[in-house]
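The values are calculated or read from the model by the stated rules, or taken from the named source; none is laboratory data. Note that the structure is predicted; figures quoted are calculated from it, not measured. So basically every Cβ, Gly included, is an ideal-geometry build from the backbone, and we count neighbours across all protein chains shown. Keep in mind that these areas ignore ligands, DNA and RNA; they rest on the heavy atoms of the full protein, side chains included. Shrake-Rupley method; radii C 1.70, N 1.55, O 1.52, S 1.80 Å.
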Amino acid sequence: MNVCSVPIDPVVHPAILRRHSPRDFDPKAVIGDAALDTIVEAGRLAPSAGNSQPWAFVIGRRGDRVHARIVRHLAPSSSLWAPDASVIVVNMTRVLLEETDWEYSEFSRYDLGQAVAHMTLQAMAIGIDAHQFRAFDRDGVAAEFHVPREWEVTSMTAFGVSADAAVGVEGAGVSRQRRSVDEVIWVRDRFCC
């Protein structure tokens, strides 16, 4: 068996290490158009099954009308912190072929997850934090933005500048505690190195 040499030390990228889900955003921080465009561009460039790109986004910037329309559908838990984020993005995926009950792609939710993960890492790379969440009225958001039945409002991401530290943050859904590598690997043969 050939072993590929890795040109650098294999370490986890610093942005991934500092990623956390803030529960407190700086309510004065603003994400400019150029930064927001690069975040969306990272999502646009994410891989997808068959290059189907089954994602779409509703983007509300704190203080604009879209943001106000999103915020009114937040659950009580997320309404405590999400409105202070600079931007809230509604993440949607295509689930059905148009005017049918046929599944669009069995991978569409996975693909949306890839796009949102790319957006999150891009945001981290330019100093913007992200908190992905599901505490909102999905049907209410779908009705608010006239989302057709072929599309599913899946999740939201709050982007902004965290006002809390990545360490020591406690609460439901924000713990940095993770299972060990051994716990997440189902089966693996090690060969060396």
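Considering (1) free of Cβ contacts under 8 Å to residues at least 24 places away in the same chain; (2) closer than 30 Å to Phe191 by Cβ, the lone condition that Pro47 does not fulfil carries the number (1). Note on the range 141-155: among residues that are of a type in the set (Gly, Ala, Ser) and in contact with a strand residue (DSSP E or B) (Cβ under 9 Å, 6 or more places away or on another chain), the one that is surrounded by the fewest Cβ atoms within 10 Å (Cβ to Cβ) is Ala142. Residues that are in a helix (DSSP H, G or I) and either open to solvent by less than 30 Å² (accessible area, probe 1.4 Å) or touching an Asp or Glu at 6+ places or on another chain (Cβ under 8 Å) (or both) within the range 6-34 comprise just one, Ala15.
How about the range 78-91: which of its residues are open to solvent by 10 Å² or more (accessible area, probe 1.4 Å) and within 18 Å of the chain's Cα centre (by Cα)? Talk me through it step by step, then tell me what you get.
From the range 78-91, those open to solvent by 10 Å² or more (accessible area, probe 1.4 Å) are 79-81, 83-84; that's our starting set.
Listed by number, the residues that qualify are Ser79, Trp81, Pro83, Asp84.
Look at (1) among the small types (Gly, Ala, Ser); (2) out of contact with any Asp or Glu (no Cβ under 7 Å at 6 or more places or on another chain); (3) open to solvent by less than 80 Å² (accessible area, probe 1.4 Å) and you find that Gly50 fails only one, number (3). Could you tell me whether the range 34-54 includes any residue that is closer than 21 Å to Asp139 by Cα and touching a strand residue (DSSP E or B) at 6+ places or on another chain (Cβ under 9 Å)? Checking the range 34-54: at least one residue is closer than 21 Å to Asp139 by Cα and touching a strand residue (DSSP E or B) at 6+ places or on another chain (Cβ under 9 Å). Residue-level check: of (1) under 12 Å from the mean Cα position of the chain (by Cα); (2) open to solvent by 40 Å² or more (accessible area, probe 1.4 Å); (3) over 24 Å from Arg69 (Cα atoms), Ile126 misses just (1).
Give the residues of the range 53-67 that are more than 14 Å from the chain's Cα centre (by Cα), more than 18 Å from Tyr104 (Cα to Cα) and open to solvent by less than 60 Å² (accessible area, probe 1.4 Å), sorted by residue number.
Quick first cut of the range 53-67, residues more than 14 Å from the chain's Cα centre (by Cα) only: 53-54, 60-67.
Okay, now just the ones that are also more than 18 Å from Tyr104 (Cα to Cα), so 60-67.
Those that are more than 14 Å from the chain's Cα centre (by Cα), more than 18 Å from Tyr104 (Cα to Cα) and open to solvent by less than 60 Å² (accessible area, probe 1.4 Å): Gly60, Asp64, Val66, His67.
The set of residues in the range 49-85 that are modelled with pLDDT of 95 or more, out of contact with any Phe, Trp or Tyr (no Cβ under 6 Å at 6 or more places or on another chain) and part of a loop (DSSP other than H, G, I, E, B) comprises Arg62, Gly63, Asp64, Arg72, Leu80, Trp81.
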